[in-house]
1. Compute the distance in nm between two label points, each set 7 Å from the Cα along the Cα-to-Cβ direction, one at Glu260 and one at Asn240.
2. How many nm separate the modelled label positions at Glu328 and Glu126, each set 7 Å beyond the Cα in the direction of the Cβ?
3. So for the stretch 238-378, averaging the separation of alpha carbon pairs under 8 Å that are six or more residues apart and normalising by length, what relative contact order in percent results?
4. Please list the three semi-axes, largest first and in whole Å, of the ellipsoid equivalent to the stretch 293-353, using sqrt of 5 times the eigenvalues of its alpha carbon gyration tensor.
5. Using 1/(1 + (r/R0)^6) with R0 = 22 angstrom and r between the beta carbons of Ser337 and Ala364, what's the FRET efficiency to the nearest 0.05?
6. What ranking of Arg348, Arg332, Arg280, Arg130 comes out by heavy-atom accessible area, probe 1.4 Å, highest first?
Amino acid sequence: MPNHPYFRATLLAALACFSATGLSACGPMGPGKLRNDQLEYSRALGDTQKHEMLLNIVRLRYADPPTFLDTTQVIAGYSVSKSISGGFYAYPATAVGNYLFGTGTMSLGENPTFTYQPVTGQQYAENVVRPISPTVIMPLSLGGLPIDTLLRLTAQSIDGLSNVRGLGAGPFGGGSVRFYLLLHDLRQLQIAGAMTIRITTESATPPDPKKNGGKSDSNGGNGGGAERSYLVLTSTSDSNLLAIQAEVRRLLHLDPTAEEAEIVYGPYPKHSGQIAILTRSMLAMLTQLAYEVEVPEDDIKTGRTPPTIGQVGIENRPEVVIHSGKEEPDARYAAVSYNDTWFWISDRDFQSKLAFTMVQVLAALAATNHTGGAVVTIPAG
C-alpha cells in the first residue's frame, strides 16, 4: 500500500504545497529588513540626539559639565533557521486524508550591536570648544533658515554690536539693542529676497608656472582654496526695502552704495567693506540657551541655579523656550528628567523646535574631527 502510485503522488504534492506556502514566504530577509531598520534606527538616533542636547543644556544651567557620546556604529545581525519534515501512514481502513502528515519550523533571531564613544580630548576641543567659522554658519540661511534666529544663536557680536547675555551681564541680560534691530532688518530683507549670501572659493596661492604647466587646480590655484562668504544686498525698486538696506549699511558701517561685504571672523573688521562676526562655540551656544531655561523658583531661592535672564530690546522670548515641571509632559517635542524635575520643549512651539533643530545642525557642522570607531567583526554564514 505505501508504494501505491496514488500515495506517492499525493505525498509529494502535499509536501511541495506545504513547503511553498509555509516556508517560502520566509525567503530573503535583507530587502525588507533594510527598509524597516534604516527608518527605525534613524528615528531612534534622532530622538536620542535631541534628548542628549536638551539634557546638556539643562546640566549647564545647574553648572554640571556637558557630556557627549557618539554612536559610531550600529550593526543589526539576523539569523534564520528553517526545517521541514513529512511522511505518511498506510492504514487501509482509514480515510486517505489521514495518511499524510508534514511539519515545518522556523526561528528568527536578532542581535544588534551598538558602539558608543565619548567625545574627549582633541575631538572635544574642536567639536565643542572651538568657535564655528562664519563661512560654515552663514550658508545655512540660503536653505531658508531664519537668519535672525541663526545669528542670535551663533553670534557673540557683529561689528561690535554685542549679543552677550548671561551671568555678569546685568539684570536684563546685557546685549545691544542695535544688534537685535540689525537682525530684524536682515530677516525682513531675507523674506523679501532683497538679501542673500554668496560663497566663493578663492585661490590660496597663485598658479606656479613650474607646476601643472602653469595651470590652476579646481580651487583656482596650486595650493588649494580658501572659502569666503559675502553678504549681498540685492537690487530692488521697493522704497521700503531700500530704506531697510540703508539702515543695515549704517549699522554695519558700510559704504552707503555698497552692494556686498565680505563676512570675516573677529570682533571688528580689519578692512573697510568687511562685516566682522565673532561667532560662538557649541559650548558657548548651549550655555547661552541654558541661561534662558525656565527653572523652579525653589532652585533659584536655594542657590542651585541663578535667575533666568531677561530679553533685550525688541526681543520678547528666548530662542528655545524650555519649560520645567514635576510631572512628565504630554505634548512634548523633547523631554528629559533631571534631579526629579522634567524639562521639555513643547511640540506646539514651532519657533522653539526650529531653533533647537538649528542647534543640532550646527553641532553636526562643528564636528570636524572624528576619531576612528571600534572595529567590530561580524561572523558570516
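The values are calculated or read from the model by the stated rules, or taken from the named source; none is laboratory data. Only a predicted model underlies this, so the values are computations on that prediction, with no experimental measurement involved. As a convention, Cβ positions derive from the backbone with ideal geometry for all residues, glycine included, and neighbour counts pool all protein chains shown. Accessible surface areas use protein heavy atoms only, side chains included; no ligands, DNA or RNA. Shrake-Rupley method; radii C 1.70, N 1.55, O 1.52, S 1.80 Å.
1. For Glu260 paired with Asn240, the spin-label model returns 2.8 nm.
2. Going from the Glu328 label point to the Glu126 one covers 3.9 nm.
3. 13 percent
4. That gives 20, 19, 7 Å for the three semi-axes.
5. For Ser337 and Ala364, the calculated efficiency is 0.30.
6. Per-residue accessible area, sorted high to low, gives Arg348, Arg130, Arg332, Arg280.
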